[in-house]
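See structure below.
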Amino acid sequence: MTVVPFDRKHLIDMVIQQRQKGLVHLLTDDVCAALEGMQSYTAMDGDEVLACAGAIEMAPGRAVAWAYLSEDVGSRLTTVTKAVRRFLKMTTYRRIEMDVDCEFRQAHRWAVMLGFEMECDRRRSFTPDGRDCALYAMVR
């Protein structure tokens, strides 16, 4: 697996996991262009895109983590997880937040595997389509 700077083409090339497909419409050209200029990366296996992830600075010292994973990441999720952990350790943010769909159990497990702790178990109607999300955070 290799990690390269994020390019909007990576999201187009990736077969996004089913649970995240409903959010793809939020990835407008403007959003993708902004993500390209931030701390955003893509995990690749040859030409296959496994994941796109990064951190969006909200204020000095505080960022929100984001990630889209491939439907086909499968057994390579362990390697992707290690790469994301390395990225999180290297960032200079004092606080990194992560929003997780309350009904997406695998995402809750992944947040914990990455080192996040749940701070709020339910923020009602948090997503644009009205789903509830839990707030996870990593504070140094």
GluC sites (Glu not before Pro) in the stretch 59-140 lying in a DSSP loop, each with at most 14 other Cβ atoms within 10 Å of its Cβ, come to 71, 103
Here the convex hull volume per residue of the chain, taken over Cα atoms and given in Å³, is 107
Hull surface over four for the Cα convex hull of the stretch 35-78, reported in nm², is 3.7
In nm, the gap between the two label points placed 7 Å beyond Cα toward Cβ at residue 59 and residue 112 is 2.9
For the stretch 20-129 the trypsin sites (Lys or Arg not before Pro) that pass both the DSSP coil test and the at-most-14 other-Cβ-within-10 Å test are 94, 124
A correct fewest-to-most ranking of 138, 118 by other Cβ atoms within 10 Å would be 118, 138
Rounded to the nearest Å, the spacing of the alpha-carbon centers of the stretch 66-84 and the stretch 112-137 is 19
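All of the numbers you see were taken from the coordinates with simple rules; none came from a lab. All values derive from a computational prediction rather than experimental measurement. When we count neighbours, we look across all protein chains shown, and the Cβ atoms used for this are built from the backbone with ideal geometry, even at glycine.
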